[in-house]
1. Exactly one condition in (1) aliphatic (A, V, I, L, M); (2) at pLDDT 95 or above; (3) surrounded by fewer than 15 Cβ atoms within 10 Å (Cβ to Cβ) is not met by residue 149; state its number.
2. From (1) assigned by TED's automatic domain parsing to the domain that holds residue 48; (2) part of a loop (DSSP other than H, G, I, E, B); (3) not charged (D, E, K, R), pick out the condition that doesn't hold for residue 72.
3. Residue check: is residue 126 in contact with a Phe, Trp or Tyr (Cβ under 9 Å, 6 or more places away or on another chain) and either hydroxyl-bearing (Ser, Thr, Tyr) or in the same structural domain as residue 23 (by TED's automatic domain parsing) (or both)?
4. Whether any residue in region 82-105 is among the aliphatic types (A, V, I, L, M), surrounded by fewer than 17 Cβ atoms within 10 Å (Cβ to Cβ) and in contact with a strand residue (DSSP E or B) (Cβ under 6 Å, 6 or more places away or on another chain) is what I want to check.
5. Which of the numbered conditions does residue 80 fail, given that it passes all the others? Conditions: (1) over 30 Å from residue 23 (Cα atoms); (2) assigned to a strand (DSSP E or B).
6. Just checking, does region 14-28 include any residue being buried (at least 16 other Cβ atoms within 10 Å of the Cβ), charged (D, E, K, R) and touching a Cys at 6+ places or on another chain (Cβ under 9 Å)?
7. Are there any pairs with C-beta distances below 9 angstrom linking a residue in region 40-54 that is over 24 Å from residue 83 (Cβ atoms) to a residue that is in a loop (DSSP other than H, G, I, E, B) and not β-branched (Val, Ile, Thr), with the two at least 6 apart or on different chains, and if so which?
Amino acid sequence: MSFSERFATFVCAGDTITCEVDGFTIMAAIVQDDCPDAPDQRNDGFWPSLYKDAPGFIGPGNGFRERFAKAQAEAEAVMEGWRKGDWFYCGIVLSVTLEGVTLDSHAASLWGVEANYPGSDNAYLTEVADELLPEALDTARAVLARLRAAPAGEAQT
């Protein structure tokens, strides 16, 4: 079970893909992550280092200075792209409906996912949606079971 649609190679907040499983319609949406932290604040090893006890340590061996310079240039390019808004962090949020009725608008999610990351084709966004699919379906089935068990006319809380 997986999404047959794929997120595009360039995405925006609000983009969606859908699939049908066992009568349920599952929609995966890209939602802008509201955490303002920069990439180097989210990842301890973001900046390369020549110090062996530091996160981002490049490691010894031949060509370590060249590897360091390359990693430094890549990190700077990633930061520059993030500052310019070329890529962003998002959440992949799955909602589930049955026969046009929304059972859960936030049945499963994962946050802090890179969208439009430099050098990426965004395939990972669809992989995340696929991995969240079983959780979203479990949530939908639980909601449906509660609705079916409730006496007619009783409000659900």
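1. Going through (1) aliphatic (A, V, I, L, M); (2) at pLDDT 95 or above; (3) surrounded by fewer than 15 Cβ atoms within 10 Å (Cβ to Cβ) one by one, residue 149 breaks only (2).
2. Here residue 72 clears every test but (2).
3. For residue 126, the condition - in contact with a Phe, Trp or Tyr (Cβ under 9 Å, 6 or more places away or on another chain) and either hydroxyl-bearing (Ser, Thr, Tyr) or in the same structural domain as residue 23 (by TED's automatic domain parsing) (or both) - is met.
4. yes
5. Evaluating residue 80 over (1) over 30 Å from residue 23 (Cα atoms); (2) assigned to a strand (DSSP E or B) leaves (2) as the failure.
6. No, there is no match, as no residue in region 14-28 is buried (at least 16 other Cβ atoms within 10 Å of the Cβ), charged (D, E, K, R) and touching a Cys at 6+ places or on another chain (Cβ under 9 Å).
7. Between residues of region 40-54 that are over 24 Å from residue 83 (Cβ atoms) and residues that are in a loop (DSSP other than H, G, I, E, B) and not β-branched (Val, Ile, Thr), the close pairs are 52/59; 52/60.
Residues checked against (1) modelled with pLDDT under 90; (2) among the acidic types (Asp, Glu):
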position: 14; (1), (2): no, no
position: 19; (1), (2): no, no
position: 37; (1), (2): no, yes
position: 65; (1), (2): yes, no
position: 68; (1), (2): no, no
position: 78; (1), (2): no, no
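The values are calculated or read from the model by the stated rules, or taken from the named source; none is laboratory data. Not measured: the values here are computed from a predicted model. Reconstructed Cβ throughout: ideal geometry from the backbone, glycine too, with neighbour counts over all protein chains shown.
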